[in-house]
Amino acid sequence: MNSISNTWNHPKTSAAGVLIAVVTIGSVLSQQGITLARDPANPASGANSSNSTAKLGAWALIALLLPLPFVSGCSEKSVAQDIVNWTPALESAVATVDSTAALLAPADAPIFAAATAGFDAAATLLTAQAKAYLANPSASVLAQLQAAVVTFQQQVNASLLSAAEITNPASQKSVLNAINAVGTVVLAMLALVQSVSSKVAVARMASESTIKLAAVRPYMDESKAVAMVASHYGEPVEWARAQERQVELNVAQAGF
């Protein structure tokens, strides 16, 4: 799928998220001196052709963004492919976690190692289930994928809470950086899986999530997540930021 039809635009997007996106884009355009409407007190404001072109482009961008939350969504096959497309990033992030312990203060390395001990196995299982779902997007395989992504999401959340035990500033920065890279991919995969799951299945998945997003939000790095999403889909950073916030809203509203 392209940058428009990606994990951040699945059919459970809410009107509140659209507002977040529009406000975010509007804010950026305003900072660049581009307004989204003519100033009635200044008729000459519409005379500048370059500014008019910029305004038209701004409206076109919002026009593209607005309908997305209300479409029927991607097919199961395309969502499955999108999940698989995230697996190299997951494998790379987990490899970084494995090498991070050597960078930490001696007292902090054991805490980090214990907090992330299950990442390798969880990543291997989630990658395998994603590929299995792509090959056979059936209800039974989806159920296994649902279980795998929720399990990993909970491990990531638990590890973020454990990072609070690390008081050395340099160590904590390295730990949070490594865990957030993994967490961004897992959250993307969770959103994708959520988009092709029934309400009953999503409710069941949420009930298995004992560590909620709200509990770990203070330890999440939005800038890192936005950069990863923008790079993965080849889209503007501000668009990725609006989409990342929308996904967090969707996941939280679902009970995760």
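Since every read-out is calculated from the coordinates, none of them should be taken as a lab result. This is a predicted model, so every value here is computed, not measured. All Cβ positions, even for glycine, are placed from backbone atoms using ideal geometry, and neighbour counts span all protein chains on display.
Tabulated data
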| read-out | value |
| --- | --- |
| Aspartates and glutamates whose Cα lies under 20 Å from that of Lys173, excluding same-chain neighbours fewer than 8 positions away | Asp98, Asp108, Glu165, Asp221, Glu222 |
| For peptides 146-157, 94-105, sequence by mean Cβ density within 10 Å, most packed first | 146-157, 94-105 |
